[in-house]
Structures are given as C-alpha cells and as structure tokens.
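Below you'll find the structure, written out as structure tokens, and then a few comments.
Just so it is clear, none of the values below were taken in a lab; they were calculated from the coordinates. Please read all numbers here as calculations on a predicted model, not as lab measurements. Note that each Cβ is placed from the backbone with ideal geometry, even for glycine, and that neighbours are counted across all protein chains shown.
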Amino acid sequence: ETGVTQSPTHLIKTRGQQVTLRCSSQSGHNTVSWYQQALGQGPQFIFQYYREEENGRGNFPPRFSGLQFPNYSSELNVNALELDDSALYLCASSLAVSTDTQYFGPGTRLTVL
Amino acid sequence: DQQVKQNSPSLSVQEGRISILNCDYTNSMFDYFLWYKKYPAEGPTFLISISSIKDKNEDGRFTVFLNKSAKHLSLHIVPSQPGDSAVYFCAACSAFGNEKLTFGTGTRLTIIP
C-alpha cells in the first residue's frame, strides 16, 4: 500500500508570485481533498476532486485552483500569492464512499515573503 | 465562524492516567465526527470516528462519546502512553457521501512519564 506523498516539502515565494503544489494519492483512491492549515489553526477545506472534477469547494477565492489527473495525482495552484497564504498545505486521498479513511500526506510548508 | 471548537489548546496527563479531550460544534447538519492525531512533520492520522446515530464508539484504548443535545464530543484515552503525545484534531462532516471535513483548532496532548 503506497501512502500519500506531497512535493515539495518546503517552498518560499514572494508576494504576487504563483505556486504549484503536488500530491500523489494512495493507490486506488479516486478522491483528493486539499486543506490549508495556518499556524495554530486546524486544517481548512479548500476543495475536493473526484474523478478529475471538482466536487465541492470551501471558502477560498478563485485564485486557488486545482487539477486531478487520470492517475489520481493532483495539483493545487495558487496565483497572486499573498502573505496570508503562508501555511501548511495538506492533501488527503480517500475512496469516495467512505468518510473515515481519508489519508493525509505530510504537507507542503509554503512561506510567502 | 468556528463551527468546530476545541477550547483547550493544551493538556498534560500523567502516564497511565486517563486523557480526556473535548470538542464542541455548532452546525446541526454535522452528523459524522472524527478524531485525528498529528505528529510533527506528518499529516493527520485518522484515529476514531462516530456517527450521530451512536453515542459511544470504542476502539482499544480510545473511546469517543457524543452528546448530540449538547453538541459536544469527547475522546477518552486510557491508559495514556508516552506515544500518545501529539496534537489531536476533532473534525466533523455531513455524511452524505462527501468528506469535506471541518476541523477544530487542535489540542496538544503531552503525556508525562
């Protein structure tokens, strides 16, 4: 069983730049969710992809976008970075039919200067 | 608007004793609740869950209690072990086949040997 992996581990960007974060889902999982965890906070739901289509979105602006690929890997893209985008970004993969087997990756720590 | 609240940022418990972590929620649409455990530099790991049709679920040393009328749940760990030292997140969702979790802010549990 292959776990969820994310790349890169850490990233430093400047305000206004664009960033792409990557996630490789657990084998066989067709659903991926992305979360933003600011310092001292719990993870906040950004959006979810199911079979390559967006399947729900949290309270995040359109400059946060995503893609899911046929091999179930996925990307989170953030345009026009702001200082408040500095956070740990987590992806989680799961089988769509279940709520309690959401497997999280270790996250990407993004710092915006 | 914090729909899931963990009012204790930290908790210290002696090894062998019971650890009780609390969580409150405000959204009446939530009907499925989960606890995740997070070690530094790792993603959250699923621990235990409970559906709103139950008031208790037990798995080894871990028991989750749900009081729907009070919109309150708690996680009991007994006996507490040093390896239980971690940040614990309470999460909730509406179990209509989606997994868009709403997380609390977490409680850092420290087990004192």
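A few remarks follow.
- What the Cβ-Cβ distance of B:ASN67 and B:ILE112 gives, at R0 = 25 Å and to the nearest 0.05, is a FRET efficiency of 0.30.
- Chain A: proportion of alpha-carbon pairs further apart than 24 angstrom, %: 18
- Most mobile listed residue (B:ASP84, B:ASP55, B:ASP24) in chain B, GNM with C-alpha springs under 10 Å: B:ASP55
- Averaged over A:43-49, number of beta-carbon atoms from partner chains that fall within 10 Å: 4
- D (Stokes-Einstein, µm²/s), Kirkwood Cα radius, chain B, 1.002 mPa s at 20 °C: 152
- Amide proton proximity set for A:SER73, modelled H, under 5 Å, gap of 5+: A:SER25
- For the range A:16-80 versus the range B:62-93, the gap between their alpha-carbon centres in whole angstrom: 27
- A P(r) calculated from all alpha carbon pairs of the protein assembly as shown, with 10 Å bins opening at zero, reads 8, 33, 35, 19, 4, 0 percent.
- Label-reachable residues, the range B:46-87, where backbone N falls under 17 Å from a point 7 Å from B:TYR39's Cα toward its Cβ: B:46-48, B:81-87
- The simple spin-label model puts a point 7 Å past each Cα toward its Cβ; for A:ARG51 and B:ARG17 those points are separated by 5.2 nm.
- Rounded to the nearest Hz, the phi-derived 3J(HN,Hα) couplings of the range A:49-54 under the Karplus curve 6.51 cos²θ - 1.76 cosθ + 1.60 (θ = phi - 60°) are 10, 10, 6, 6, 10, 5, where x marks glycine and proline.
- Across the protein assembly as shown: Cys residues that no other cysteine approaches within a C-beta distance under 4.7 Å: B:CYS93
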